[in-house]
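*Asks:* I am attaching a structure below and will ask some questions about it afterwards.
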Amino acid sequence: MRKSVIALALCGTILASGCARQEPITEEELQRTPETPVVADDTAVVEETEVASETEETGAEAGPALQAMAFTEAEGVVESGLGCAFISADDEALFFVDDTANAAVKLNDTVVALKTEGEANYEAVEQGGTYATEALSITIDRAEGEGETSALETIEWSATLNVTQDEGGSRSYEGGRYSCGA
């Protein structure tokens, strides 16, 4: 009798803790990509449609998606002080470069160090340009002219950031700004 009570109590504990029989994984779950959310209502369809519309509007292709990062994440690559940053249309910093043309982006939760394909001085950095690794290329196309003063010792230009990965296509971030200063 005592063993039956203990077995019943153990079974109840297992059921209460969520260790009950698990449902098998569906074919849909096996085919799901990491970017596709699994939800019980129609919001996933709406979110996917909105993302597709944004991509079509900007002309961006399915390519490497840069992640927003704080300057503190890029500090191991980029020196503090004089430099520039690309700020997306969503006000997220996607790219940092210092006055010696050491640059950084964040891709797949990893900060990636890039070097210029041009001159490595502040005057060249301020013009935009191309920065690369063996597998990734970032090009900053900024507007011509003197730019607009946005803060003390900071000048901004409207800009587009283009990212190309040799094994993953390309993507454009339009409507952003290139912010340079100290």
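Read-outs throughout are calculated quantities, based only on the coordinates presented, and are distinct from any laboratory measurement. Since the structure is predicted, the reported quantities are computational estimates derived from the model, not experimental observations. No Cβ is skipped: glycine too gets one built from the backbone with ideal geometry, and neighbour counts run over all protein chains shown.
*Asks:* From the phi angles alone, apply the Karplus equation (6.51, -1.76, 1.60; θ = phi - 60°) to segment 130-146 and give each ³J(HN,Hα) in whole Hz, x where the residue is Gly or Pro.
*Replies:* Per residue, the Karplus-derived 3J(HN,Hα) values read 10, 10, 8, 10, 5, 10, 9, 10, 10, 10, 9, 10, 10, 5, 6, x, 8 Hz.
*Asks:* For residue 150, which sequence-distant residues (separation of 5 or more, or a different chain) have an amide H within less than 5 Å of its own amide H, given hydrogens modelled in the peptide plane?
*Replies:* Under 5 Å from the amide H of residue 150 lie the amide H atoms of 155, 156, each far enough along the sequence or on another chain.
*Asks:* Could you calculate the contour length gain from residue 89 to residue 165, that is, 0.36 nm times the residue separation minus the distance between their Cα atoms, to one decimal place in nm?
*Replies:* 25.2 nm
*Asks:* Per residue of segment 158-173, in order, report the coupling 6.51 cos²θ - 1.76 cosθ + 1.60 (Karplus, θ = phi - 60°) as ³J(HN,Hα) in whole Hz, putting x for Gly and Pro.
*Replies:* My calculation for segment 158-173 gives 5, 7, 10, 10, 10, 10, 10, 10, 4, 10, x, x, 9, 8, 10, 10 Hz in order.
*Asks:* Follow-up. What distance in nm separates the simple spin-label points at residue 71 and residue 152, each placed 7 Å from Cα in the Cβ direction?
*Replies:* In this crude label model, residue 71 to residue 152 measures out at 1.3 nm.
*Asks:* What list of ³J(HN,Hα) couplings, whole Hz, do you get for segment 114-121 from phi and the Karplus terms 6.51, -1.76, 1.60, once you set θ to phi - 60° and write x for glycine and proline?
*Replies:* Result, ordered by residue: 10, 10, 6, 9, x, 5, 10, 9 Hz.
*Asks:* How much net charge surrounds residue 79 when only the other residues with a Cβ under 13 Å from the Cβ of residue 79 are counted, with Lys and Arg +1 and Asp and Glu -1? Please list the in-between numbers first.
*Replies:* Values: positive: none; negative: 75, 98, 99.
Net local charge, residue 79 excluded: -3.
*Asks:* Can you compute the modelled spin-label distance between residue 113 and residue 182, with each label point 7 Å from Cα toward Cβ, in nm?
*Replies:* Once both label points are built, they end up 2.6 nm from each other.
*Asks:* On to the next question. If you average 1/r over all unlike Cα pairs in segment 97-182 and invert the result, what Kirkwood radius do you get in angstrom?
*Replies:* Details: mean 1/r = 0.0745 Å⁻¹.
One decimal place: 13.4 Å for the Kirkwood radius.
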